[in-house]
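A.B. asks: Please see the structure below; I have some questions.
The values are calculated or read from the model by the stated rules, or taken from the named source; none is laboratory data. Here the structure is a predicted model, which is why all the values come from computation and not from measurement. Positions of Cβ are backbone-derived with ideal geometry, glycine not excepted, and every protein chain shown enters the neighbour counts. Protein only, heavy atoms only, side chains kept; ligands, DNA and RNA dropped before computing areas. Shrake-Rupley method; radii C 1.70, N 1.55, O 1.52, S 1.80 Å.
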Amino acid sequence: SRDAHVTRAQLRELLAAGVGVVVLSWSGRPDMPGTHDTQGISTDSLILKVMDIAHEEGMQVALHLEPYHRRTALTVSEDFGYIVDKFGGHPA
């Protein structure tokens, strides 16, 4: 959800159920055409917001790289570099 209150409530429900790590779908870099979810939304802009809330709630975050059109070994390698640069230093 783009609503921080909804995200926080969802993460708290997961914590209450004993879940300590949440896996977020990452659809790709915003500069790559076709990197969005099935609803046409780029998840890249939401990741840091969820990571911030997860950290505040004491949770960890992992990313799942979703498949996208024209994905290659090279673009995946570039994706990993982007992910490390943008999200790697986050405490969640």
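A.B. asks: Between Thr75 and Ala4, what FRET efficiency follows from the Cβ-Cβ distance if R0 is 30 Å, with the result rounded to 0.05? If you can, show how the numbers build up before the last one.
C.D. replies: Values: r = 31 Å, r/R0 = 1.04.
The computed FRET efficiency comes out at 0.45.
A.B. asks: Separate question: Leaving out ligands and nucleic acids, and using a 1.4 Å probe, what accessible area per residue does the chain come to in Å²?
C.D. replies: Per residue, the chain has an accessible area of 62 Å².
A.B. asks: Percent relative contact order of the chain, based on C-alpha pairs within less than 8 angstrom and at least six residues apart?
C.D. replies: It rounds to 34 percent for the chain.
A.B. asks: So, with a 1.4 angstrom probe, what is the percent of accessible area on the chain that is carbon and sulfur?
C.D. replies: Roughly 57 percent of what the probe reaches on the chain is carbon or sulfur.
A.B. asks: How many Å³ per residue does the convex hull of the Cα positions in region 12-67 occupy?
C.D. replies: Measuring per residue, one finds 83 Å³ for the Cα hull of region 12-67.
A.B. asks: Something else: To the nearest 10 degrees, how steeply does helix 4-16 sit against the main Cα axis of the chain, on a 0 to 90 scale?
C.D. replies: Taking Cα atoms only, the helix is inclined about 70 degrees.
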